[in-house]
Structures are given as structure tokens and as C-alpha cells.
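Notes for the one structure printed next.
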Amino acid sequence: MMKKEDTTVQDKASTNGEVIVRFPPSPTGYLHIGGARTAIFNWLFAKKHHGKFILRIEDTDAERSTQESIEGILDGLTWLGIDWDQGPYFQSAFAEEHRAAAEKLLEEGKAYKCFCTKEELDRKREQALAEKRDIKYDRTCRNLTPEEIAEKEAAGLPYVIRFKVPDRTGKIGYRDQVLGLIEKDYSEIDDFVIVRSDGSPLYLLCNVVDDIRDRITHVIRGQDHMTNTIKQILLYEALEKTPPVFAHMPLTLDPQKRKISKRSHGEVVAVQWYREQGFIPWALVNFLVLLGWNPGTDQEIFTKEELIQAFSLERISKSNAVFNYRKGDPKFFTDPKAININAWWLRNLPIEEIADMVKPDFQAQGIWEPAYEGEKRDWFLETIDMIRSRFHTLKDFATLGRAYFTDDYQFDPKAVRKNLLKHPELKDLLPELAERLKDLEPWDLQTTEDALRAFAEETGVKAGIIINGLRTVVTGQIKGPGIFDVMVAIGKDRIVARLSRAGELIEEFEKEAA
Ligand code: GLU
């Protein structure tokens, strides 16, 4: 039985109510949505407590870190609207401090040089495995005499520096803000390596030294880092510093409970991809925050202010977060919830904001007109406001909504089959309708509707057939806003021109279908 006083629990750090958090990505790849979520949780927590959010690039792995990745991460965060109060700091700039900390631990007898070779360690490990013993380092070098050390050094033997886990019985633990009390028996903790044989300190130590220097009060990170936490708490103690409060977030898994990665899931795990797909940055933040956090109510849509208000570490879930995406599902190009949240913001943001977000894509597509910010501003805003209710991403304006802005638009094959090919009579009817409309004055909802209904009555063709055919010819789509709104938005000249050549158009579709 363990006596209670045998457990050293790091309960709550003395933060004096201050909050300083950090996001320390390793710049070895793209900004993953899981990484973005970590940044968002830290950012929200800082905002909520009027604290500071520091961006720190953990670039000590010189071989794997790239400038491209650093830029991608900064760009991604900026696009999401996640701003930082300090930084970016670069871990590599503090190499001296990291080495000094290791040196200090060595001098104070809290760490030791280990000369065991890799071969020796492998052999011992295999033997321990075979005998079903603990595979921890057997501490051969922990008690070398100063003479023995000097001798080995003189012989030029390489060494690593290991942390000397205190000789204590009982457990060490901490109160995780998400998971509660986490503890580990001292006897189970390995004398872990803090400096490699080439003299470079390990991430585990650098991270602590940086957090101490930056006066970090709360470490909010993924559960994948939990294997480090107890060791890091030991490092804080050895460096005579109070550890921060820890909060470990659940991992993000797919419905098959696999970790999501580019290799297995493709681009859909990269923040950049959402940008390219026409996501609204805030909508992605809104979605990501719900991966592993909930407000305790059914609310799913949050403004920035609401989210800052509602956010708390206690409501981060303990169990895995599910990113509901099945690769290859033709219906959903990402988690349906992400699409729905994006569509909600697309419908509800002020239309001027949507106009600004749509502009770069229109420019890239060559369908932007400067007049959309000048004399055609009102028309542009009304039109995108009218069509947005059916759209899911910003891209839809230049694809599904293309016919409003250019004569160069595509026809949905399903619409062509259903609304045109099944009704060959439209080949004559639609050009006739064009004739009828060309002198219509004024051109508004009422006059266009009256003209169309009168035409249907005279020709004896159901209005629905004419309307569906008309919609497909003038927009390329099977569905859309009310047809008279469409006619008014596209305008008389373009409607008449498009209907006039409906005969040839349908003939071409017939040839293609034959
Ligand atoms: N550099 C680590 C990572 O990218 C972060 C570790 C931490 O948050 O302490 O996963």
C-alpha cells in the first residue's frame, strides 16, 4: 500500500491568475487540422482570460524543419484569424540555453553521462524482453565514479546525458485539466536521455526550458504528448521551477478510429486545402473547435465572442474526437458537419464580407469585373445574396453560380437530360419565348412572370416544363432561386440571347447523347 504522502502531485501552478499559453509547432510539414485545433484552443483560452498567446516554432530538428513549412504554418494561422501576441520565436535561437540547462543538471548531480553503446543497449533490451523483464535502462552508468568517467572520456568514448530519476518510492502525478489526476510510479520511470551523443539536447528538455523562459502558465496540447509530461514535470522540479498546468486534448480520429493523416486521408487534413475549397476561415475555426470540445448545449454555430465566452478547458472531452470523413465518399468531400457549418456562415455573414471573400476566386477564374466594386456593386451584392442560400462553399459562386457573371458556363448533365432532352419541343419553344421577351418593358418579377404564363397558356405547354428548360438553358443548373428572380438578375439581354440559341444548344446535346 502506498502512503498518501508518497504521491507528489503537481496540483495547480501558482499562476497568479495570469494566463500565458503557447502553440509550438514543429515545422516539418503542412498545418494539419489537428495542429490548428491545438492553436485555436490555446488562443481561445488566452482570449478568455485576457492572457497572452505565444507562437513558438520548434525547429531544433534541422534536418526535417523547412522554411516552406514555417511559412505554411504562419499563413494558415493568419488565414484562420488566429493571431498571436508574441513571436514567432524560434527554438533554434535558444540552443545555448538548452545546453546550459543540461550542463546545470549534470553539475548538480541530477543527470549523468551514459557511455553505454547502442549495441549494448539493444542487447540488454532484447534480453529483458526475452525474460519478460522491464525494458528500462538498467542504470549501468548512473553510479560511475569520477575516475571511471574521466577514463572513458579520455578514451574518447561518446556519451549521452541521462536524467537521474530521483530515488523515491511512491508516485508522481499532476492534475490534468481535462483528464483529472494522472500519476505514475517512480519505479516505472526510465532514466531518460536529455542530450544526444552529438551534444544536442532533446526536444523534451528544450520544450521545458522554453516554457520556463516564456513563463508559460498552461500547456494545452494533444494526448500524444502525455508520454512526456511526467518526465517534464521531473525536469521542472530538477530545474527548481513550478510546472505549468497541463491540459491534454483528445486525438482526432476517423470513424474507423485511425489517426487522420495525409497518407491515409489525403489533402482533407490540411488547413490549406479548406482554403482552396472555398471555406470561410471562421467557419473552419467553428468546426474545429467542436472536434473535442462542446459547450454543454446543442449550440453549434458560434461567433468569435460567443466562443471566447463559452470556452473552458473543463469542457474538452476526454475521449477521442471523431472527424467524420470517409475517404472516397462521393457525397462528402470532408466531414459533413464542416460543410454544413460553412454553408451556415455563407448564408449568414454580411453580404459585403462574402463579396470580399468571393473576389479572389472570381479574379483567378477571370470573371471578376471592377464594376462589381463600382456601378454594378448593388447588382453584384443582390445577385450573390440571392444565390448563396443553396451554396456550400465560396467556390460555388464561380461554378454553380457562374452563369450570372459570364456567358461561359457549364451545363449540369443531369439537368440537360431531365429538363432538355426529354422535351424536344423546347428546341422551338424557347427561341419563340425569346422573341416574345425581347420587347418586354419593364423587365421585372411581375412582367416576366406574366409573360411566361401567358406564353405557356397560348402554346398549351405546362409552365413547369418551360421553366425547367429555361432554367437549364440560362444557368446550366437543375435547381436555383425562383426563376423570375433569376431572369431579373441575369437581365433581359442575356436571357434573350441565351434562349435564342436554345435550339442549336439542345441539338448539340442530342448529338452528344446519341
Ligand atoms: N512541437 C510539438 C508538436 O508539434 C509540440 C509539443 C508541445 O506542445 O509541448 O507536436
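Can you pull the percent of segment 253-369's accessible area that's carbon plus sulfur, 1.4 Å probe, other chains left in place? Mind dumping the intermediate values first?
Working: 2740 of 5790 Å².
With neighbouring chains kept in place, the figure for segment 253-369 is 47 percent.
Sort 159-171, 334-346 by the packing proxy (mean of other Cβ within 10 Å over each peptide's residues), most packed first.
On the way: 159-171: 17.6, 334-346: 20.2.
Result, highest mean first: 334-346, 159-171.
Taking amide H atoms as placed 1.01 Å from N in the peptide plane, the amide H of LYS171 lies under 5 Å from those of THR7, THR8, TYR186, each 5 or more residues away in sequence or on another chain. Ordering of 276-284, 86-94 by packing is 276-284, 86-94, highest average first (other Cβ atoms within 10 Å, averaged per residue).
Taking the centroid of alpha carbons for each part, segment 442-506 and segment 240-278 are 48 Å apart.
Please give the per residue accessible area of segment 352-487, computed with a probe of 1.4 Å over protein heavy atoms only, in Å². Write out the running numbers ahead of the final one.
Working: 6680 Å² over 136 residues.
Using a 1.4 Å probe on heavy atoms only, each residue of segment 352-487 averages 49 Å².
Dipole of segment 121-184 computed with +1 at Lys/Arg Cβ and -1 at Asp/Glu Cβ about the Cα centre; of THR145, ALA155, ALA128, farthest Cα towards the positive end is ALA128. Expressed to the nearest 5 percent, the antiparallel share of DSSP beta bridges inside the chain is 50 percent. Modelled spin labels at THR140 and ALA62, positioned 7 Å past Cα toward Cβ, are 3.0 nm from each other. The calculated 222 nm mean residue ellipticity attributable to helices in the chain amounts to -13000 deg cm²/dmol, summing -39500 (n - 2.57) over DSSP H runs of n ≥ 4 and dividing by all residues. Apply the a/c threshold of 1.5 to the C-alpha gyration tensor of segment 279-391 and tell me whether it is rounded, prolate or oblate. Judged from the Cα gyration tensor, segment 279-391 comes out prolate (a/c at least 1.5, a/b above b/c). With all protein chains present, how much of the accessible area of segment 420-460 (probe radius 1.4 Å) comes from carbon and sulfur, to the nearest whole percent? Answer for segment 420-460 is 48 percent, counting heavy atoms of protein chains only. Using the Cβ-Cβ distance between LYS262 and ASP408 with R0 = 22 Å, the FRET efficiency computed as 1/(1 + (r/R0)^6) comes to roughly 0.05.
Is the chain rounded, prolate or oblate when judged by the Cα gyration tensor, a ≥ b ≥ c being the square roots of its eigenvalues, rounded requiring a/c under 1.5 and prolate requiring a/b larger than b/c? Don't skip to the end; give the middle numbers.
Details: a/c = 3.25, a/b = 2.89, b/c = 1.12.
Prolate shape, in that a/c is at least 1.5 and a/b is the bigger ratio.
Based on the Cβ-Cβ distance of LYS132 and ASP83, what FRET efficiency does E = 1/(1 + (r/R0)^6) give at R0 = 56 Å, to the nearest 0.05? With R0 = 56 Å, the Cβ-Cβ based efficiency is 0.60. Loop-located GluC sites (Glu not before Pro) across segment 116-200 with a Cβ neighbour count of 11 or fewer within 10 Å are GLU131, with loop assigned by DSSP. Between ARG501 and ILE351, the modelled label-to-label distance comes to 3.0 nm, taking each label 7 Å out from Cα in the direction of the beta carbon.
If R₀ is 25 angstrom, what is the calculated FRET efficiency for the pair ALA463 and LYS376, using the beta carbon separation as r and rounding to 0.05? Spell out each step's value before the answer.
Values: r = 31 Å, r/R0 = 1.24.
Computed FRET efficiency for ALA463 and LYS376 comes out at 0.20.
Computed about its Cα centre, the charge dipole of segment 326-452 is approximately 1120 debye, with only Lys, Arg, Asp and Glu carrying charge at their Cβ.
Between LEU313, THR66, ALA497, the Cα set farthest toward the positive side of the dipole of the chain (charges on each charged residue's Cβ, about the Cα centre) is that of LEU313. Packing order of peptides 253-261, 317-325, 479-487, highest average first: 479-487, 317-325, 253-261 (average count of other Cβ atoms within 10 Å over each peptide's residues).
Using the Karplus relation 6.51 cos²θ - 1.76 cosθ + 1.60 with θ = phi - 60°, the per-residue 3J(HN,Hα) values for segment 263-273 come to 4, 8, 10, x, 4, 4, 8, 9, 4, 3, 4 Hz, with x marking Gly and Pro.
With Cα atoms defining each centre, segment 205-220 and segment 330-401 are spaced 42 Å apart in the structure.
Residue by residue, segment 313-326 carries 3J(HN,Hα) couplings of 5, 5, 9, 6, 7, 7, 8, 3, 8, 9, 8, 7, 10, 10 Hz when phi is fed to the Karplus relation 6.51 cos²θ - 1.76 cosθ + 1.60 (θ = phi - 60°); x denotes Gly or Pro. Each part reduced to its alpha carbon centroid, segment 284-310 and segment 92-146 end up 45 Å apart.
Backbone phi angles across segment 248-261, fed through the Karplus curve with coefficients 6.51, -1.76 and 1.60 (θ = phi - 60°), yield HN-Hα couplings of 9, 8, x, 6, 9, 10, 8, x, 8, 6, 9, 4, 7, 8 Hz in residue order; Gly and Pro are listed as x. Computed from point charges on the beta carbon alone (+1 for Lys and Arg, -1 for Asp and Glu), the dipole magnitude for the chain about its Cα centre is near 1760 Debye. When cysteine pairs in the chain are screened for C-beta atoms closer than 4.7 angstrom, the residues that find no partner are CYS116, CYS206.
At 0.36 nm per residue, minus the direct Cα-Cα distance, what do GLU97 and LEU157 gain on full extension? Give it in nm, one decimal, please. Working shown, then result.
Numbers: separation 60, 0.36 × 60 = 21.60 nm, distance 2.51 nm.
This chain segment gains 19.1 nm when fully extended.
Listed by chain and number, the aspartates and glutamates whose alpha-carbon sits under 17 Å from that of LYS48, ignoring those within fewer than 8 places in the same chain, are GLU18, ASP83, ASP85, GLU305, GLU306, GLU314. Near the amide H of MET249, within less than 5 Å, lie the amide hydrogens of ARG221, GLY222, GLN223, all on another chain or at least 5 residues away, with H placed in the peptide plane. Summarising the amide proton neighbourhood of ILE216: residues at separation of 5 or more, or on other chains, whose placed amide H is nearer than 5 Å comprise an empty set.
The values are calculated or read from the model by the stated rules, or taken from the named source; none is laboratory data. All values derive from a computational prediction rather than experimental measurement. Cβ sites come from the backbone with ideal geometry, for glycine too, and all protein chains shown count toward neighbours. Areas reflect the complete protein model, heavy atoms only, side chains present, ligands, DNA and RNA absent. Shrake-Rupley method; radii C 1.70, N 1.55, O 1.52, S 1.80 Å.
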